[in-house]
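> Before I ask anything, let me first share the structure, which is written out below as structure tokens.
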Amino acid sequence: MGKDEYAYVLEYMPFGLPDSKDRKASAIVFTDSLSLLLVALKKDVKVEPGLKVYIGENKRDEVHHIIQRITPDKLSGNGLASLNDRIATIVKENEEKYIDIINKLGSINVRLHSFHLLPGVGKKIVQKILEERTKAKFKSYEDFNERVGFTSDIAKSIEDRIMGELNGEDKYRYLLRGCSLTRQNQRLQR
């Protein structure tokens with residue numbers, strides 16, 4: 001996996017964060033690594049939540065520079081709502097990626113499988129997932145839900161897990177990459 005090229009705007013902050021010198025900032029979430037960042041916008045640029053912006057190394061139209069990584073607690077209520085919506089969009093757009101992750105997930109230790117960390121998945125469902133996965137790899141969210149008999153949607157469980165990882169609620173992280181502001185890394189920085 002390479003560097004992120006695109007991000008979704010979560011909220012527009014015309015005065016930036018209180019602890020930042022930069023004016024006209026915007027909170028964004030990368031489409032691949034799901035990192036949350038605060039970026040400075042170019043002069044005379046105003047963005048709307050939900051807009052997909054280019055953040056790669058070539059010429060950027062909206063973003064001037066990256067200010068810092070942020071955590072979800074730096075977002076306003078509207079920013080958090082937008083984050084939930086964008087995570088749902090990203091999970092739907094990248095179905096193949098997340099199904100591939102599900103097909104490759106293994107045990108964390110002798111007593112705990114990675115599937116146990118997905119919201120709505122208990123011991124019986126984990127056994128059913130492992131049984132169905134040995135027969136054939138899952139092809140889509142719908143295929144997973146049908147074969148496993150998952151009553152809630154696996155895409156929603158993935159969204160909830162991603163939000164938990166972003167908030168640093170769990171020490172295990174397998175859906176995010178490149179996010180240094182999790183509980184695990186915060187302990188290492190002390």
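> Please order L175, L105 by the number of other Cβ within 10 Å, starting at the fewest.
Numbers: L175 22, L105 18.
Result, fewest neighbours first: L105, L175.
> Identify which of the listed values of mean projected area of the Cα convex hull in nm² was calculated from the structure shown: (i) 26.4; (ii) 12.1; (iii) 11.4.
(ii)
> Along segment 89-104, what does the Karplus equation 6.51 cos²θ - 1.76 cosθ + 1.60 (θ = phi - 60°) give for ³J(HN,Hα), rounded to whole Hz, x for Gly and Pro?
Calculated HN-Hα couplings, in order: 4, 5, 5, 5, 5, 10, 3, 4, 4, 6, 5, 4, 4, 4, 5, 10 Hz.
> So how far apart, in nm, are the two label points at K92 and R23 if each is 7 Å from Cα heading toward Cβ?
3.8 nm
> Expressed as an acute angle from 0 to 90° and rounded to the nearest 10, what is the orientation of the C-alpha long axis of helix 123-135 relative to the principal long axis of the chain?
Orientation of helix 123-135: about 80 degrees from the principal axis.
> Name the long-range amide H neighbours of H64: under 5 Å, sequence gap of 5 or more, or other chain; modelled H, no Pro or chain starts.
Residues meeting the amide H criterion: A40, L41, K42.
> Between A136, G56, V110, whose Cα lies farthest towards the positive end of the dipole of segment 42-190 when Lys and Arg beta carbons carry +1 and Asp and Glu beta carbons carry -1, centred on the Cα centre?
Of A136, G56, V110, it is V110.
> If you take the beta carbon distance between D100 and S152 as r and set R0 to 22 Å, what does 1/(1 + (r/R0)^6) give as a FRET efficiency, to the nearest 0.05?
Working: r = 21 Å, r/R0 = 0.95.
Here the calculated transfer efficiency is 0.60.
> Still on this structure, I have one more. When the Karplus curve 6.51 cos²θ - 1.76 cosθ + 1.60 is applied with θ = phi - 60°, which whole-Hz ³J(HN,Hα) does each residue of segment 70-86 get, with x for Gly and Pro?
Ordered by residue, 3J(HN,Hα) equals 9, 10, x, 5, 7, 8, 6, x, 5, x, 5, 4, 5, 4, 4, 5, 5 Hz.
> Taking a label point 7 Å from the Cα of S140 along the Cα→Cβ vector, which residues of segment 103-123 have an amide N closer than 18 Å to it?
From segment 103-123, the list is 103.
Here, each number is a calculation from the coordinates, and none is a lab measurement. No experiment lies behind these values; they were computed from the predicted model shown. So basically every Cβ, Gly included, is an ideal-geometry build from the backbone, and we count neighbours across all protein chains shown.
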